[in-house]
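Below is one structure; the comments refer to it alone.
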Amino acid sequence: MIEEAEPMTSSVEEAKDEDVDEPEVANAKHSVVREAYEMFVSHFGSVNITEIHCSVAPGRVNLIGEHIDYADGFVLPMNIPYYTVVIGRPASDQDRAHSIIYSTHFCQSTELKLPYQESAKTASSWARYVGGVLAVANSTRSYDILVHNTLPIGAGLSSSASVELATLYFMDQFELPAMDRSRLDSSLLCRKAEHEYAHVPCGYMDQMVIGLGRSAHALLIDCRSLHTTHIPLVIAPSAIFLITNSGVKHELASGEYAKRKTAIDEALKRLEKSSWRDVDVALLEANKEKLDGKMYDYALHVVEETERTEKAAFALLDNNLALFGKLMTDSHCSLRDKYNVSCQEIDQLVDLALSVDGVYGSRITGGGFGGCTISLCSSQKVAELKEKLLEEYSHPQSLSFLECQPVGGVSSASLGFLASVFDSA
């Protein structure tokens, strides 16, 4: 078993300084921050750079360990270089007692009145992720805020957790005394916001990897103890993870997510256990008659996926790409056949990917019922894989691709570079 590391408890600023962006990543962040700044000025009017603050949070992709972060399992996500930027300033008139939040994705503006604990409950769906964070963090200020992202919404790449962490790190620059909250606590606070205001019973994975992740590493999370282990990813340049966005999102996804969680919670009660980590396949077999309908299959997925994820972490440590790819594919088969969260379009993408020589493994990633696949592929075969999918997938016009190496987590962003950019313009 992988030795459990202690949860990270360093302060926000200390943790932020641990990770240094590679030049390519830093340039990508600067680009999206500049876009956000220009749109902020366009929407809210001219502003002195010293009056505003900004934060940047990545999206994430889960390499393996799906639908078990709410079942005390192991998960193995990494952050990806597609970002949410939250930029803004305190309102010049604090007596107005509301924040104005503009989303560049939805091209919508909304007002959230103080106290946020009340207004966030009735906000539009996207604004609840911002308002929920302001509420659980007990913010008492009014802001002008712009939310801008390069993450595809609804693709299973955790755009919601990215918005939450970016909002919290933006707010903290104005309201939180230095050295006052750890990255782990920040992650858990954002999870609370999603539970209480977006009404999504998510597990720990999304917020924790965006809060605690490091560049060039995946993050193994023990969702029972919340212990984390950073797993070095040394597959480059020989291999790469390719995310394929199917462009498909079935509307039943959110309801089915809640149904799965309810079913496995009930299964655990019937097994008379307090944690899924106390359940193995032999125990499930011995108590199969207690688990009716699909409950047994759901339970079997939880137990086997937890074991697979732990093996996958060892495979990455050994740089054993063949084994890691096999475990990815086994995970997809379980999500398709036991947990029933895949769909025809995703299954087709996985099957096509696996038919390409040089693809080690492929699986659905995210909540399911559409969204994305992730494939581990030889770098020399990426072009061939894309060509195969574009030629033979039933909806090629909806496909998009993200080639990813892991990046660091959420951080505040210095705006000093903007002064030189616009002075030279």
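Each value in this text was obtained by applying a stated rule to the coordinates, not by laboratory testing. Quick caveat: nothing in here was measured; it's all calculated off a predicted structure. Counting neighbours? That spans all protein chains shown, and the Cβs are built from the backbone with ideal geometry, glycine included.
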Problem - Inter-label distance, nm, simple model (7 Å from Cα along the C-beta direction), GLU384/SER124 - result: 4.6 nm
Handout entry: Nitroxide proxy distance, nm - points 7 Å out along Cα→Cβ at ASP351 and ASP280
Key = 3.6 nm
Exercise for the section: Would you kindly calculate the translational diffusion coefficient of the chain, applying Stokes-Einstein with the Kirkwood radius from alpha carbon pairs, for 10 °C and a viscosity of 1.306 mPa s, and quote it in µm² s⁻¹ without decimals? Expected result: 72 µm²/s
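Below 8 Å between Cα atoms, with a sequence gap of 6+, how large is the relative contact order for region 239-404 in percent? Kindly include the intermediate steps, with their values, before the conclusion.
Details: 240 pairs, mean separation 60.8, N = 166.
Answer for region 239-404 is 37 percent.
Ranked highest first by the average count of other Cβ atoms within 10 Å around their residues, in what order do 79-88, 168-177 fall?
On the way: 79-88: 26.9, 168-177: 19.5.
Top of the packing list down: 79-88, 168-177.
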Handout entry: Using alpha-carbon coordinates, inclination of helix 23-44 to the longest axis of the chain, degrees
Key = 50 degrees
Problem - Amide hydrogen neighbours beyond the local backbone of ILE231, cut-off 5 Å, H modeled - result: ALA218, LEU219, LEU220
Exercise for the section: Would you mind pulling out the separation of the Cα centroids of region 336-387 and region 166-216, in Å? Expected result: 30 Å
Fill in the blank from the handout: Cα extents of region 296-344 along the principal axes, largest first, in whole Å, come to 32, 23, 9
Fill in the blank from the handout: For SER414 and HIS230, extending 7 Å from Cα along the Cα-Cβ vector and measuring point to point gives, in nm, a value of 2.0 nm
Completion exercise
Footprinting proxy, CYS202, CYS333, CYS372, CYS107: sorted fewest to most Cβ within 10 Å, the residues are CYS107, CYS333, CYS202, CYS372
Handout entry: Nearest-ten-degree value, helix 127-136 long axis tilted from longest Cα axis of the chain
Key = 80 degrees
Exercise for the section: Would you mind calculating the relative contact order of region 47-175 from Cα pairs under 8 angstrom and at least 6 residues apart, reporting the percent as a whole number? Expected result: 31 percent
Handout entry: Residues of type lysines that LYS381 reaches as a straight line, Cα spacing below 30 Å, ignoring anything fewer than 8 places off in the same chain
Key = LYS29, LYS249, LYS311, LYS326
Handout entry: Computed over region 239-404, the ratio Rg/Rh where both radii use C-alpha atoms and Rh is Kirkwood
Key = 1.02
Problem - Contact order normalised by residue count of the chain, Cα under 8 Å, 6+ apart, percent - result: 24 percent
Fill in the blank from the handout: Measuring from the longest principal axis of the C-alpha atoms of the chain, the long axis of helix 295-317 (C-alpha) lies at a number of degrees, nearest 10, equal to 70 degrees
Problem - Segment LYS273-SER398, extension gain: residue separation times 0.36 nm, minus the distance between their alpha carbons - result: 40.6 nm
Handout entry: Taking the C-alpha atoms of region 157-252, convex hull volume expressed per residue in Å³
Key = 151 Å³
Exercise for the section: List ASP185, ASP351 from most exposed to least, where exposure is judged by having the fewest other Cβ atoms within 10 Å. Expected result: ASP351, ASP185
Handout entry: Rounded FRET efficiency, nearest 0.05, which uses the C-beta distance separating ASN319 from VAL41 and R0 of 60 Å
Key = 0.80
Exercise for the section: Could you name the aspartates and glutamates whose alpha carbon sits less than 16 Å from that of LYS259, not counting residues in the same chain fewer than 8 places away? Expected result: GLU66, ASP69, GLU251, ASP292, ASP297
Exercise for the section: Mind checking the full-extension length gain between ASN138 and LYS259? Use 0.36 nm per residue of separation minus the Cα-Cα distance, one decimal, nm. Expected result: 40.4 nm
